[in-house]
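Structure first, then comments.
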Amino acid sequence: MRIEDGFERWGHSVYARPWRTILLCLAGVAILASQLPRLEIDTSSEAFLEPDHPTRIFHNVFREQFGTEDVAVVAIQTDEVFDLAFLSRLRTLHEALEEGVPHLVDVTSLVNVRDTRGVGDELLVDDFLENWPENEADLLPLRARALGNPLYLGVLLSEDATLATLMVEAEAFSSAESLEDATGGFEDDAVEDAATEGLSATPRIPLTGVENSEFVAAILEITERFDGPDFHIHIAGQPVLVDRVMSKMLADMGRFAGLSLLLIGGLLVVLFRSPTAVLLTLSTACLCVLSGFSFMAAAGLPLTTATQITPTFLMAVSVGNSVHLIAIYLQQLRNGKGREEALAFALRHSGLAIAMTGLTTAGSLLSFLSSGVAMVSDFGIIGPVGVVIALLLSLALLPALIALSPIRAGKSAAPAFNQIPQACGRLGARHPVATTAVWALLFAGSLVGALRVEFSNYSLGWFRPEDPLRIAMELVDDSLGGASSFELVVDSGRENGLYDPALLRRIESAQSFAERQTLNAGRWEVGRTTLSVVQVVKEIHQALHANDPAAYVLPDDRNLVAQELFLFENSGTDDLEDVVDSQFQIARVSIKLPIVDYVHAVILLEDLRQGFGEIFEPTEQFRITGQTSIGATTTTQMIRSLARTYLLAFAIITPFMMLLLGSLRMGLLSMLPAMGAILITLGGMGWLGVPLEAFTLLTACIALGLAVDDTIHFMHNFARARQEGAAPEEAIQKTLASTGQALFFTSIVLTAGFLVYTQASLTLLFNFGAATAFAISMAFLANVNLAPALVTLAARFMEHDAPQKPA
C-alpha cells in the first residue's frame, strides 16, 4: 500500500511538472539514439557462438592459414558441357566474375582448374583449358580426361557432363582494419594450441555481413546477364545462404514493424475510442523501440536472426504497459474524476503491477544469458534492458504526455472486452473443481505431446520448397554431393611430417572412412574429398609415371614423396598452400557435405572423431572445423541449455510473485497458469510435428515473461479486493471488472504483434510467431479461468484449515 501511495504521489508530481519529465526522457532517448549508426548486422553461423568459444577461435585460426572453406557455387545446367559454344560462354562468365566481384580471392572452373600431367621426365601443372579446343574433335579427349579426373568429377563437373560449376571464393577476413583482439580479450587454450600447431593465432575480423552481401550481389548481377535456356544458372553455397537469411530478415523486420503499427493502432482505436490516446501509446512504443536498437549499437551487440524480433517484442511490451495505464485513466474520467485525480488513481491502481510485470519479464529474459548460444545470450541482454526502458517510459514519459494532452473519455469499448473475461472468471469461481480437472487433463495431454518435440537446426529448411536458393542448394547437393563441407586438420607433430607415406595413408583412410558415412538414416550422404595433400601426391605420382591411371597411388618412399612435392612446388602453382602449411607439418582435408540438419551432424561428427581417433597415431593430433562443426556445436549447446534456461526463468520469476502477493502458497499457485500455457504450447508443437529450433527456443521464456504479466495484474487486484473484505467470487468479479478489459486487450495486442511473424519469408520465424501468439492466448485463458478456480480452491482450503472461533 505504501508503494501504491508513492505511485499516486508520482502521478500528482508529473501532472504538476510534465515538461521537465518529458525533456529528461527525450534527452535520455537522444543520447542513446546517437549510437544507432554503430549498429551492425551478423547472420553468419559464427554468430551463434561466443567470440571466446574454442570452436569459433580454432575456426578463425584455420581461416588464417588456409582461407575460407565456404564458396559461392555457380552451377550451370546444359545439355552437354563439352560443347564449344558452352565452353566459350563459360570462359566469358569466368572472366566477368574475376573482374566484377569485390572481396574475391579466386574463381575456379574447368577454365583454370589444375591439370597435372607428365611430359617425358617433366612435370607440367597448367590450367585444364590452357590450350583452347578449336573443333569438336578436340573436345572428345578433353571430356574423357575431365570425367576421369577425381579432382573435377563431382566438384566442377557432374558425372553425366550436364552440370558445370564455378567455385567463387571470397576473402576470409574483412578488408576493414583488424581488431587488436577479436576474441574480446579472452585468453583461450585454443589460441595457444593453434600457435603450437604452427597456425597463426593472430585474431582478425571475419568478412562482415555488408561485405558478404556485396560479394553475393555482384555474383547475382553478373550471372543474371548470362542466364539462358541452354545456360541455366543456379547460385548456391554458404555465403549465398547467409546473405539470403540477412536480406529476408531485414526486409521482414521493416515489414513487420509497419504491420505491427497498423494492426496495434487499429486495435487501440477500438479499445480507447480516442485518437489522442492511440497516438500517445504508439509514440511511447516507437521511442522504446528506438532506444532498444540504440542500446544494441552502444553495447556492440549485432542484429542477428534472434535479436531481429526486438522491435516487435518491445512494441508489444510497451503497448501492454500503456493499455493498463490509459484504460484505468479513461475509466476514471468516465466516472467523473478530474484529469489529475484520474492520472494519479491510474498510477496508484496499475503502477506497481506494471513495475512488477516489467521486472518479471526482464527476469525471465535474463535466463537466456545461460544458453551458451551467443545470439540467444545477446537477447538475454537486449530483452531485459529494453523491457526496463519500456517500463521507465511507460511510468514517466507516458503520464507526462497524458498530463499535457486533452484526452477525452469518449465511449467505453465494446462490452465484450469486459464480458468475456468476467464470464470466464465466473465459470472458474463457481465450478473450481471441474474447471481445474479440465485444465489438468489438458496439461496431461500436452505433457505427452511435449515429450514428442524434436530439435532441429536446419538452415535450408527455413526456406520454402519453391524458393530459388533452396532449389539451387538441393540441385548441388543431389548432383555434386553437397554445397557445404567440413574440414579435417591433421597435425603430424613435426616439421616435414607430411612426407611420411604411412601418415599419408592414414589420411587417405580417414578420407575413405568419412566418405562412407550417412546422416539421418541415409537421408544425407557425405560427399567426396575435394582438397587434400593425398590427392596432390597421387596426381604427381601418376603424372611422373606417364600419366598411367594405375599409378594414381601414394608412393612408399619418404624421399620420393618429398621430391615429388618439391617438383610440384616449383611448377609455378600455389595450390599446395590450400592443403598444407609452409612447414609440411599440418594438413587440411576438405570433404563435401550437403546442407544438413545440425542435430544429425552432431552424431556424424562424433562418429568421425571416434573413427579418426582409431586411424591416427596418438602423436598425431586432428581437429574437425568448418561451418558444420560450428552448427553442430551450437545445436549441442542449444539442447543442453534448454531445461536450464526454462528452470532459471521459473526460479527468477517465482520469488517476484511471492514478494508481490506476500504468500509462498499464492506465489507458487500463481505460476501454474503461465507454466501451463507454456506446456500446452510445447505439447501442441509435439503433436503437430513443429520442431524446437534455435528461434522457437525463445518462445517459452518470452511467453512466460509476458504471460506472468496478466497473472500479476489479476493476482495483485484480487489480493487487494480480498484485503478489503470481499469474498473470493466477489473479489474475482471486482478484479475482472476493473482490469479484465485491459487483460483481454493486452493479450490481443501481444497475440497480434507476434502473429505478424506468420507472414515471414523464413519458416522458423513463422513457427516462432505462431507458437508465441498461441502461448500468450492460452495464458490469457488460464489467467481468467484457471486462476480464479485455483484461488477459489485455495481460499476454501485456507478457511478449512483456519481455527474455528467459539460461538
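Key figures
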item: Any hit, the stretch 220-232, residues being under 30 Å from residue 408 (Cβ atoms) and not in a helix (DSSP H, G or I); result: no
item: Cross-chain or 6+ apart pairs with Cβ under 6 Å, the stretch 106-122 first and assigned to a strand (DSSP E or B), then acidic (Asp, Glu); result: 106/169; 107/98; 114/575; 115/126; 116/539
item: Residue that is farthest from residue 347 (Cα to Cα), among those in the stretch 1-16 that are out of contact with any helix residue (DSSP H, G or I) (no Cβ under 7 Å at 6 or more places or on another chain) and surrounded by 12 or more Cβ atoms within 10 Å (Cβ to Cβ); result: 13
item: Segments classed as helices (runs of 4 or more DSSP H), wholly inside the stretch 390-504, with at least 3 members that are in contact (Cβ under 8 Å) with a residue 24 or more places away in the chain and farther than 30 Å from residue 288 by Cα; result: 416-430, 432-450, 468-480
item: Filtered residues of the stretch 763-793 (kept if surrounded by 24 or more Cβ atoms within 10 Å (Cβ to Cβ) and without any contact (Cβ under 8 Å) to a residue 40 or more places away in the chain); result: 769
item: Residues located in the stretch 17-62, provided they are under 19 Å from the mean Cα position of the chain (by Cα), small (Gly, Ala, Ser) and assigned to a helix (DSSP H, G or I); result: 45, 47
item: Enumeration of residues in the stretch 352-367 that are surrounded by 24 or more Cβ atoms within 10 Å (Cβ to Cβ) and either in contact with an Asp or Glu (Cβ under 8 Å, 6 or more places away or on another chain) or farther than 22 Å from residue 314 by Cβ (or both); result: 357, 360, 361
item: Within the stretch 63-96, considering residues that are in contact with a helix residue (DSSP H, G or I) (Cβ under 6 Å, 6 or more places away or on another chain) and in a helix (DSSP H, G or I), the one surrounded by the most Cβ atoms within 10 Å (Cβ to Cβ); result: 93
item: Filter result (free of Cβ contacts under 8 Å to residues at least 12 places away in the same chain and either of a type in the set (Lys, Arg) or closer than 20 Å to residue 371 by Cα (or both)) within the stretch 617-646; result: 643
item: Tally of residues being at pLDDT 85 or above and not hydrophobic (A, V, I, L, M, F, W, C) across the stretch 197-240; result: 17
item: Search result, residues across the stretch 681-708 that are buried (at least 24 other Cβ atoms within 10 Å of the Cβ) and of a type in the set (Val, Ile, Thr); result: 681, 696, 699, 702, 708
item: Hits in the stretch 327-373 (condition: under 30 Å from residue 301 (Cβ atoms) and of a type in the set (S, T, N, Q)); result: 357, 360, 361, 364, 367, 370, 371
item: Whichever residue in the stretch 514-572 is of a type in the set (A, V, I, L, M, F, W, C), out of contact with any strand residue (DSSP E or B) (no Cβ under 9 Å at 6 or more places or on another chain) and more than 30 Å from residue 594 (Cα to Cα) and, among such residues, is surrounded by the most Cβ atoms within 10 Å (Cβ to Cβ); result: 561
item: When residues of the stretch 737-771 are limited to those that are aliphatic (A, V, I, L, M) and touching a Phe, Trp or Tyr at 6+ places or on another chain (Cβ under 8 Å), the one nearest to residue 466 (Cα to Cα); result: 762
item: Residues located in the stretch 505-549, provided they are among the β-branched types (Val, Ile, Thr), in a loop (DSSP other than H, G, I, E, B) and free of Cβ contacts under 8 Å to residues at least 12 places away in the same chain; result: none
item: Selection count, the stretch 573-598, where residues are exposed (fewer than 15 other Cβ atoms within 10 Å of the Cβ) and within 39 Å of the chain's Cα centre (by Cα); result: 3
item: Close pairs from the stretch 666-679: first within 17 Å of residue 699 (Cβ to Cβ) and modelled with pLDDT of 85 or more, partner surrounded by fewer than 22 Cβ atoms within 10 Å (Cβ to Cβ) and not aliphatic (A, V, I, L, M), Cβ under 6 Å, at least 6 apart; result: 676/443; 679/443
item: Among (1) modelled with pLDDT under 95; (2) buried (at least 16 other Cβ atoms within 10 Å of the Cβ); (3) under 30 Å from residue 550 (Cα atoms), the one test that residue 110 misses; result: (1)
item: Residues of the stretch 735-790 that turn out to be at pLDDT below 85, polar (S, T, N, Q) and assigned to a helix (DSSP H, G or I), as a count; result: 4
item: Residue 302, sole failed condition from (1) under 26 Å from the mean Cα position of the chain (by Cα); (2) in contact (Cβ under 8 Å) with a residue 60 or more places away in the chain; (3) farther than 24 Å from residue 364 by Cα; result: (3)
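For (1) more than 30 Å from residue 335 (Cα to Cα); (2) surrounded by 17 or more Cβ atoms within 10 Å (Cβ to Cβ); (3) at pLDDT below 90, each residue gets a yes or a no:
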residue: 407; (1), (2), (3): no, yes, yes
residue: 418; (1), (2), (3): no, yes, yes
residue: 442; (1), (2), (3): yes, yes, no
residue: 448; (1), (2), (3): yes, no, no
residue: 455; (1), (2), (3): yes, yes, yes
residue: 461; (1), (2), (3): yes, yes, yes
residue: 475; (1), (2), (3): yes, yes, no
residue: 478; (1), (2), (3): yes, no, yes
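This table checks each residue for (1) surrounded by 19 or more Cβ atoms within 10 Å (Cβ to Cβ); (2) in a helix (DSSP H, G or I).
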| position | (1), (2) |
| --- | --- |
| 613 | no, yes |
| 617 | no, no |
| 622 | yes, no |
| 628 | yes, yes |
| 634 | yes, yes |
| 647 | no, yes |
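The values are calculated or read from the model by the stated rules, or taken from the named source; none is laboratory data. Quick caveat: nothing in here was measured; it's all calculated off a predicted structure. Cβ atoms come from the backbone with ideal geometry, glycine included; neighbour counts cover every protein chain shown.
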